[in-house]
Amino acid sequence: MHIKQEKIEAFGRLLDVLDRLRKECPWDRKQTNESLRPNTIEETFELCDALMKQDDKNICKELGDVLMHVCFYALIGQEKEAFDIADVCNKQADKLIFRHPHVYGKEKAETAEQVLENWEQIKLKEKDGNKTVLSGVPDALPSLIKAYRIQDKARNVGFDWQQREDVWDKVREELDELEAELKHDDKQKSTEELGDFLFSVINAARLYHLNPDNALEHTNQKFIRRFNYIEQHSIRAGKPLTEMTLAEMDQLWNEAKKLENN
C-alpha cells in the first residue's frame, strides 16, 4: 500500500511553510525547544479536550497544531545538525516494525492482550529502549495517569492480581487505613494513606478495563454543568450564590440532574 500523493504533498507543504516562517517571521525565528515547550503542553491539552468531546472539527484543528509543534522541534534539530523530520519519521517507523513482530515477523499474536504481553519485553530488547520496565514512564506525567501506566506496565510482565475481584479487599483495606489516620489527625500519614487508597482505586479501574482519567474528567464536566445550572438560576433570581442556602442549591442540583436524565 502506498501513501497517496496528495498526503505527501500536504505534509511537504506544511514543512515548506514552517521553513519560510523560521526564516522570515521574527517570532518563529526566536523560538527554542524551551520556549515552545509550554505551548506544546497547552496544544496537547486542547487536543485532549476535543477528543473527550468527540468534536471532529476541533480534533482536526488541534491535531494540526500538535503536528506543527512536532515539525518545529524537528526543524530546530535540523538546524543543530542533530536530526531532521526524516530521522523522526524513520526512527518511529523502525520502532513500530520492531515492536510488531506478529505483523512484520514470524511471531504470533491473535489478540490485543497477547500483543501487550510481549510489548514490554520487546521494548527492553531495543538498543536505545528502556533499561527497566518502569523507566519508560515520564516523570512529568500527571499523577493519576502515571499510576495507571506503571500498574499497566507491571501487569505486562506478570505482576498483577490473579483474580481481579481480589482488588476490592485491597481497596477496602486502604480505605480503612485512611479513615484510621484521619481520626488520629496525622496529616502526613493521612496524605500517605490517601495516596495508597487512590492508587488502589486506579488499580481496580485498570483491572475492569476502565480509564480512570477519562472517568474523572466526565465527572468534572458533569459537575461543571450542574453547578453552572445553579449559578445561572441564582443570576436570573438576582440572588448571589453566597446568599443561597445549601438546601436551595441541592434542590437546583437535583433539577439539573433530572434535566440530564431526560
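The values are calculated or read from the model by the stated rules, or taken from the named source; none is laboratory data. Bear in mind the structure is a predicted one, so any value in this text is a computation, not a measurement. Every residue, glycine as well, gets a Cβ built from its backbone with ideal geometry; the counts of neighbours run over all protein chains shown. Ligands, DNA and RNA are stripped out before the accessible areas are found, and what is left, the full protein with its side chains, is counted by its heavy atoms. Shrake-Rupley method; radii C 1.70, N 1.55, O 1.52, S 1.80 Å.
Partners of K80 within straight-line reach, counting lysines whose Cα lies under 17 Å from its Cα and excluding those fewer than 8 residues away in the same chain: K23, K30.
Within a Cβ distance under 10 Å of A147, other residues only, what is the Lys/Arg minus Asp/Glu net charge? Charge balance near A147 sits at +1. Across region 61-176, the relative contact order, built from alpha-carbon pairs under 8 Å that are at least six residues apart, equals 13 percent. Mean sequence separation of contacting Cα pairs (under 8 Å, at least six apart), scaled by the length of the chain, corresponds to a relative contact order of 9 percent. A crude spin-label estimate for the pair T132 and N58, with each label 7 Å from Cα along the Cβ direction, gives 4.0 nm.
Label D166 and Y208 with points 7 Å out from Cα along Cα→Cβ: what is the distance between them in nm? Simple spin-label model gives 1.9 nm for this pair.
Entry comment: accessible area of the chain is 74 Å² per residue, from protein heavy atoms only and a probe of 1.4 Å. Model label points for L21 and C48, set 7 angstrom from Cα along the Cα-to-Cβ axis, are 2.3 nm apart.
Convert 25 °C to kelvin, take the viscosity as 0.890 mPa s, use the Kirkwood radius over C-alpha pairs of the chain as Rh, and evaluate the Stokes-Einstein diffusion coefficient in µm²/s, rounded to a whole number. List each step's numbers first, then the result.
On the way: Rh = 23.5 Å.
After rounding, the answer is 105 µm²/s.
A straight Cα-to-Cα reach below 27 Å connects K187 with the lysines K146, K170, residues fewer than 8 places away in its own chain not being considered.
Counting protein heavy atoms only, the chain has 55 percent of its accessible area on carbon and sulfur, 1.4 angstrom probe.
Taking each DSSP H run with n ≥ 4 as -39500 (n - 2.57) and averaging over every residue of the chain yields -24500 deg cm²/dmol at 222 nm. Shape analysis of region 181-225 places it in the oblate category; the axes a ≥ b ≥ c from the Cα gyration tensor give an a/c of at least 1.5, with a/b not above b/c. Ligands, DNA and RNA aside, L178 has an accessible area near 20 Å² when probed at 1.4 Å.
Measuring only protein heavy atoms, the 1.4 Å probe finds T132 accessible over about 80 Å². Note on K257: lysines with a C-alpha under 27 Å away, same-chain residues under 8 apart excluded, are K53, K222, K239.
The Cα atoms of region 58-118 give a gyration tensor whose axes a ≥ b ≥ c have a/c of 1.5 or more with a/b no greater than b/c, which makes the shape oblate.
How would you classify region 183-260 from its alpha-carbon gyration tensor, with a ≥ b ≥ c the square roots of the eigenvalues: rounded for a/c under 1.5, else prolate if a/b is greater than b/c, otherwise oblate?
Numbers: a/c = 3.70, a/b = 1.67, b/c = 2.22.
It comes out oblate by the Cα gyration axes.
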